[in-house]
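Some notes on the structure that comes next.
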Amino acid sequence: MAKKTVFKPRKQHFPGIDKIAYEGTDSDRALAFRHYDPAEVIDGKTMKEHMRFSIAYWHAFRGTGSDPFGPGTIQRSWETGKDPVSVAKVRMDAAFEFFQKIESPFWCFHDRDIAPEGASLAESNRILDQIVAHAKQLQKATGVRLLWGTANLFSNPRYMSGAATNPDAHVFAYAAAQVKKALEVTQELGGENYVFWGGREGYETLLNTHLKREQDHLARFLHLAVAHAKAIGFKGQFLIEPKPKEPTKHQYDFDVASGIAFLRTYGLEKHFKFNIETNHATLAGHTFQHEIEVAAAAGMLGSIDANAGDLLLGWDTDLFNTDVRELTLAMLSILRAGGLGSGGFNFDAKLRRQSIDPADLFHAHIGGMDAYALAFKIARRILADGTFESFVADRYRSFDSGFGRDIERGKTSFAALEKLVLSRLGEPSPRSGQQEYLENLLTRYLHG
């Protein structure tokens, strides 16, 4: 076995903070895991392998605490220097130091997160190549891998009216060129997935929008991406990340259900799965678990953006999720679906505007990782006991035999069912769904 290279940054960017250790529930240290033990083996796999945690570069290392009413409040020691490329490399050194200390096996990025944009696409590509080469060295030195990459097709003013859905073919072509490069560098870094997040793929008013033509163009864009992936030999999974609103009033990938309909309409369903974000689910009026179930039912559950929204606010707040009840329900659905495959749990979450200390970045991710790990363990216990599974199976037992089975197998008709009701069945007898009992049972697992 080859000897693993130990990453030794030229400078410690988080001095005084050691690698976060698992200390169990009795620990009173703030910078320690209580539930997430990366080395713990469950069913032949370590918790690190089960959870596949990932750090979102854009929030963790580009987030400044800015909001619509004020500039950033978070200042980092590595954000100094006049040369943007040099600063980008030092920033990446800090990121990989953090990845190692927090025990994250993966990271994720947008192209413009890691490399500054140049005066032209050619210059942007040259800069990106430099940073990708640096990232490749750091990945080799640390063993941290790329969960997925993507292109930022929403920040630059050129994309104010969308990218693939832009009414200007020039913008469509520019976006295609940018995704081509982003896909190639994702492959260069061994990315296991590639994500499409249509931040501005939608409209503000139908007065100036040809909706069908824009949807046709979006589908054409995705088909071109599939073709290029095949041309370069990229074997990773393509992922769609649904979002209903913000920044545009209406986005075409509103939720998982509309995303499935879109993909099937345009013959793309074999090439894409879904990267589901908790905050986006709630903005669409759904629960996190609902979106997971819809994707899983279609065999299209791919990955998770691990965050949460503030239900009192109507925008994408990207909080770190520590709601163990919500996460346990999500984990139940994920485990029933057989897991996430090449996906993982990416912390697409940001520090609050007042959380300006470097240590806050650790506290936030420790809380999120512990909450997901605890939910994973509770969900496994629930499934092993089988109480909920038996209840649901019993509730639908009338479809397991007789005319119920004929209904599911398509071996009956309205006329036959009418005859059955008139001659023998008569009026149905309602049966309690026992929701309150089941919620109490869930509470016992959460606090048992």
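The values are calculated or read from the model by the stated rules, or taken from the named source; none is laboratory data. Keep in mind it's a predicted model, so treat the numbers as computed, not measured. We place every Cβ from the backbone using ideal geometry, glycine too, and count neighbours over all the protein chains shown. Keep in mind that these areas ignore ligands, DNA and RNA; they rest on the heavy atoms of the full protein, side chains included. Shrake-Rupley method; radii C 1.70, N 1.55, O 1.52, S 1.80 Å.
Structure values in brief
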| item | result |
| --- | --- |
| Debye intensity ratio in log₁₀ form over the Cα atoms of segment 51-160, taken at each q of 0.11, 0.22, 0.23 Å⁻¹ | -0.36, -1.39, -1.47 |
| Residues listed by number, segment 298-329, amide nitrogen under 19 Å from T25 label point at 7 Å toward C-beta | 322-329 |
| Stokes-Einstein D (µm²/s) once Rh is taken as the Kirkwood radius of segment 257-310 over alpha-carbon pairs, at 37 °C in 0.692 mPa s | 289 |
| DSSP-defined beta bridges in the chain - what % are antiparallel, rounded to 5 | 20 |
| Inter-label distance, nm, simple model (7 Å from Cα along the C-beta direction), K212/A122 | 4.1 |
| Surrounding net charge for A364, when Lys and Arg each add one and Asp and Glu each subtract one, Cβ distance under 9 Å | +1 |
| Cα long-axis angle, helix 288-297 against the chain (0 to 90 degrees, to the nearest 10) | 70 |
| Proportion of all alpha-carbon pairs of segment 86-151 beyond 13 Å (%) | 63 |
| Cα-based Rg / Dmax (Å) for the chain | 24.0, 86 |
| For segment 221-305, alpha-carbon Rg and Dmax in angstrom | 12.9, 39 |
| Per residue, in Å², the accessible surface of the chain once ligands and nucleic acids are set aside, probe 1.4 Å | 50 |
| Segment S155-R264, length gained on full extension (0.36 nm per residue, minus Cα span) | 36.3 nm |
| Restraint check, K45/K235; K48/K235; K11/K243, Cα-Cα greater than 30 Å | K11/K243 |
| Two-decimal log10 I(q)/I(0) for segment 134-179, as the Debye equation yields it once each C-alpha is a single scatterer, q = 0.15, 0.22, 0.31, 0.32 Å⁻¹ | -0.52, -0.70, -1.08, -1.13 |
| In segment 374-410, the chymotrypsin sites (Phe, Trp or Tyr not before Pro) that fall in loop regions by DSSP, at most 15 other Cβ within 10 Å | Y396 |
| Cβ-derived FRET efficiency at R0 51 Å, R353 paired with R431, nearest 0.05 | 0.50 |
| Gain upon complete extension [D83, F414; 0.36 nm per residue less C-alpha separation] | 111.8 nm |
| Extension gain (nm, one decimal) between I407 and H170, 0.36 nm per residue minus Cα-Cα | 80.1 nm |
| R380 paired with K11, simple spin-label distance in nm, labels 7 Å along Cα-to-beta-carbon | 4.2 |
| Taking the convex hull of Cα positions in segment 1-101, its mean projected area over all directions (nm²) | 10.1 |
| Dimensionless Rg/Rh of segment 174-324 - Kirkwood Rh, Rg from C-alpha atoms | 0.96 |
| Kirkwood hydrodynamic radius (C-alpha pairs) into Stokes-Einstein, segment 305-392, 4 °C and 1.567 mPa s, D in µm²/s | 90 |
| Rounded tilt (10° steps) of 324-336 against the dominant C-alpha axis of the chain | 70 |
| Selection from L319, L332, A306, by position along the positive dipole direction of segment 298-341 (Cβ) | L332 |
| Size of charge dipole - segment 17-67 - debye, nearest 20, with Cβ of Lys, Arg +1 and Asp, Glu -1, no other charges | 260 |
| Convex hull (Cα only) mean projected area of segment 174-232, reported in nm² to one decimal | 4.5 |
| Helix 84-101 vs. the chain, principal-axis angle (Cα, 0 to 90°, nearest 10) | 50 |
| Segment 112-239 - percent of accessible surface contributed by carbon and sulfur, probe 1.4 Å | 56 |
| Convex hull of segment 99-206 built on C-alpha atoms - directionally averaged projected area, nm² | 7.4 |
| Semi-axes of the equivalent ellipsoid for segment 292-448, Cα gyration tensor, largest first, Å | 42, 17, 15 |
| Inter-label distance, nm, simple model (7 Å from Cα along the C-beta direction), A39/T443 | 3.9 |
